Amino acid sequence: MIELTEVAASTTPPPDLSAKRSWRSFKSGAMTVLMIASVLAVALPLVAVVYAVFGRGFAVAFRDFPDFFIKEIPMVARRAGPGMGPAILGTLLTSGAATLIAVPLGVLGAVYLHEYGVKSRFSRLVRFMATVMTGVPSIVMGLFIYVLWTLHFGYSAFGGALALACLMLPVVIGATEQMLMLVPHHLREASYALGTSKSRTILTVVLPAALPGIVSGSLLAVARAAGETAPLLFAVGAASEYNPHLFTEANTALSIQIFGNATSSFVAAQDRAWGAALTLVLLTFVITLVARVFTARIARRR
């Protein structure tokens, strides 16, 4: 009897566990195809831009390396030749000064909003104004700085830094506040249980925990500011010689040179625009890489 049962069990076909076609499986497949198509739709323009910038700018920027990165900008637009040194220095000056203004103010503002103000009327007003500032067109911000600063003190890199800082500030505030929200509340409670004050808890517990996200948000703001053209046209000017001074005389930037040379009818100027575009992309990439390495080292030490 036992042998007959074992034989019957061995001849019974195994159950079919494969997925059955149903409406749910159809929806899953359709959404997968839609997501892949969306990724391709986003990636294709990005790849096309990178290909065009590297393809047309690499030969211009590295043909007589390092002349393109150190020589001054030619006075005559139709004359071929390298020279974006003043624009690189101007970009570093304006972006660096804007970062020094916007990042500390933005981080401190976000700390106040999340740790002290929370849902007070003043905090809600500041959040609303920061949201409004995020949507202000950059040319409007440039016009604001032109009226407030340039008409009184003339063109300078500092005027451009003020305009860029106004654009960066709401981005830094929003990113920092979002990162502070992600810090677990039990870390604060553990610090308070040890008798630590609120300010010291924020300085030694909350901010280090949120540091990678704050750095990422600040980099996003710097990347946006470095590529802005409209506010710099109102505040910086268009110099062709080196000007290392932050507060005096007109300066220039890579974005201004890209705009000016790309709209020129001369081939030599258009080539310089492609070289300047590649330089701006490489500059942003290097700054991002350095900041990522710095953040990773800090996270490894914790």
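The values are calculated or read from the model by the stated rules, or taken from the named source; none is laboratory data. Predicted model, so just to flag it, every value in this text is computed and none were measured. FYI the Cβ positions are ideal-geometry reconstructions off the backbone, even for glycines, and counts take in every protein chain you see. Side chains are part of the model used for accessible areas, which takes the heavy atoms of the whole protein and leaves out ligands, DNA and RNA. Shrake-Rupley method; radii C 1.70, N 1.55, O 1.52, S 1.80 Å.
Some notes on this structure:
- Hits in segment 199-235 (condition: in contact with a Leu (Cβ under 9 Å, 6 or more places away or on another chain), crowded, with 20+ Cβ neighbours inside 10 Å and farther than 19 Å from Leu105 by Cβ): Leu232, Phe234
- Complete set of residues in segment 274-291 that are free of Cβ contacts under 8 Å to residues at least 60 places away in the same chain and either more than 20 Å from Ile70 (Cα to Cα) or assigned to a loop (DSSP other than H, G, I, E, B) (or both): Leu289, Val290
- Contacts under 7 angstrom Cβ, first residue in segment 76-87 being open to solvent by 10 Å² or more (accessible area, probe 1.4 Å) and assigned to a loop (DSSP other than H, G, I, E, B), partner of a type in the set (Ser, Thr, Tyr) and modelled with pLDDT of 80 or more, 6 or more apart: Ala77/Ser264
- The number of residues in segment 113-122 that are in a helix (DSSP H, G or I) and either β-branched (Val, Ile, Thr) or surrounded by fewer than 16 Cβ atoms within 10 Å (Cβ to Cβ) (or both) comes to 3.
- Flag for Phe65 being open to solvent by 60 Å² or more (accessible area, probe 1.4 Å), modelled with pLDDT of 90 or more and out of contact with any strand residue (DSSP E or B) (no Cβ under 8 Å at 6 or more places or on another chain): no
- Meets criteria (of a type in the set (Asp, Glu), part of a helix (DSSP H, G or I) and either open to solvent by 60 Å² or more (accessible area, probe 1.4 Å) or at pLDDT 90 or above (or both)) for Glu72: no
- The helices (runs of 4 or more DSSP H) falling completely within segment 150-212 that include 1 or more residues that are closer than 30 Å to Gly237 by Cβ and either in contact with a Gly (Cβ under 9 Å, 6 or more places away or on another chain) or among the aliphatic types (A, V, I, L, M) (or both) map to 157-182.
- Segment 51-62: number of residues that are surrounded by fewer than 20 Cβ atoms within 10 Å (Cβ to Cβ) and in contact with an Asp or Glu (Cβ under 9 Å, 6 or more places away or on another chain): 2
- Checking each residue in segment 255-273 for being over 20 Å from Leu89 (Cβ atoms), in a helix (DSSP H, G or I) and open to solvent by 20 Å² or more (accessible area, probe 1.4 Å) picks out Ala262, Val267, Gln270, Asp271.
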